[in-house]
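Quick notes on the structure that follows.
Nothing in this text is a laboratory measurement; each read-out follows from the coordinates by a stated rule. All figures in this text were calculated on a predicted structure; none of them were measured in a lab. Quick reminder, even Gly has a Cβ in these numbers, built from the backbone with ideal geometry, and neighbours come from all protein chains shown.
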Amino acid sequence: FVDPLLFAGYRVVAFDQPAHGESDGTKTNLLEIAPAMDLIAQQEGSFHAIIAHSFGTLITSYALVNQSFPPPARLVYFGAFNRLMDSLSRFQVLAQLPDEIIEGLRGMIYQNFGQAVLESITNVFLTPQINIPSLMFHDAADNVTPVEDSRAIARVWKNAQLIETEGLGH
């Protein structure tokens, strides 16, 4: 999707989240990643649009509600992720981990960040606070993030339109 945007005259800024891709570090979390969007906006200028995928949609929503960069004119979310803490059970399935490991990890995360804080980080809670025209795309057969996540978000986010696709995957 980058080439058509460049051809249309837009400048595309893509970034590796901290501890992802070629970025420094070995671990990170949503509370560390969201401020990176502020830094990018300070360096690159305001965004015309933000395009986010999967867990990046939750990071984007959290950043838009909790950071200070100027909001973009548009948002596009692909395979939107709803609840932060759902990531543990989804990771458990992908990595085929036993319940004991996930429960221990959940307890450690709650201890470090606070259960109430973590349970409140959901797109269903955040997106109604975002007054930006938004398009959401989600494949009905997404095997990583269930389409119900985007459906739940679209029900409460009055500025969003959900388009369900078939055969595109995650």
Mean ellipticity per residue at 222 nm, deg cm²/dmol - from DSSP H runs of n ≥ 4 across the chain, formula -39500 (n - 2.57): -13500 deg cm²/dmol
Inter-probe distance in nm under a simple model that places probes 7 Å from Cα toward Cβ, at SER68 and VAL144: 3.4 nm
Amide H contacts of ASP139 (H built 1.01 Å from N, under 5 Å, at least 5 apart or other chain): GLY79, THR165
Pair LEU31, MET85: separation of 7 Å Cα→Cβ label points (nm): 1.5 nm
Kyte-Doolittle mean at least 0.0 and Cα axial length at least 20 Å: DSSP H helices in the chain: 30-44
Candidates per GluC sites (Glu not before Pro) in segment 69-169, loop by DSSP, up to 11 other Cβ within 10 Å: GLU166
Rough spin-label spacing in nm, given labels placed 7 Å along Cα→Cβ, for ASP24 and ILE163: 4.0 nm
Loop-located trypsin sites (Lys or Arg not before Pro) in segment 52-159 whose Cβ has at most 12 other Cβ within 10 Å (DSSP): LYS158
Fraction in percent of alpha-carbon pairs per bin - 5 Å, the chain: 1, 8, 15, 20, 21, 18, 11, 4, 2, 0, 0
Mean separation of Cα contacts under 8 Å, 6 or more apart, over the residue count of segment 19-104: relative contact order %: 26 percent
Taking segment 24-170 and dividing mean pair separation by its residue count, relative contact order in percent (alpha carbons under 8 Å, at least six apart): 24 percent
